[in-house]
Amino acid sequence: MTTDSKIATLTRKIEKLINLVNDLHSEIKGLRKENDKLKEKLAKYEHPENSNNSSIPPSKDENRVFKRKSLRKKTGREPGEQKGHEGTTLEMTANPDQTIEHTTGYCECCGKAIGTVPGGKR
């Protein structure tokens with residue numbers, strides 16, 4: 001093998017290596033972009049924002065897993081007044097037995113106690 005043929009062979013090998021390195025650089029760039037996208041997606045699941053730790057309404061929560069459950073045990077009774085209960089009602093009368101006047105203890109204008117305002121009732 002002559003030196004010219006050796007140089008030509010080495011030159012071809014160097015060109016192949018240069019092409020291979022360029023291909024690897026472009027592949028690395030693509031993998032870095034993909035890695036950044038995947039990290040961004042993963043961050044969403046590592047520190048998720050939901051209605052408990054942000055202003056997101058509960059209807060917009062992603063992956064709603066937890067539901068608050070009451071700790072009360074069921075009694076089997078319906079809510080509200082139970083059957084057979086006699087109710088009582090306060091009704092208006094034409095002639096009341098007594099009249100009670102309810103007044104505030106402070107002046108509505110200045111907020112002072114009624115006893116300290118001149119002309120105040122007490």
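The values are calculated or read from the model by the stated rules, or taken from the named source; none is laboratory data. Note that the coordinates shown come from a computational prediction; the quantities given were computed from them, not determined experimentally. Surface areas here come from the heavy atoms of the whole protein model, side chains and all, with no ligands, DNA or RNA. Shrake-Rupley method; radii C 1.70, N 1.55, O 1.52, S 1.80 Å.
Here Leu24 clears all of (1) in a loop (DSSP other than H, G, I, E, B); (2) modelled with pLDDT of 85 or more except the condition numbered (1).
Annotation note: of Thr99, Thr93, Thr104, Thr89, the sole residue that is open to solvent by less than 80 Å² (accessible area, probe 1.4 Å) and more than 42 Å from the chain's Cα centre (by Cα) is Thr104.
Could you list, in sequence order, the residues of the range 27-60 that are among the acidic types (Asp, Glu) and not in a loop (DSSP other than H, G, I, E, B)? Matches in the range 27-60: Glu27, Glu34, Asp36, Glu40, Glu46.
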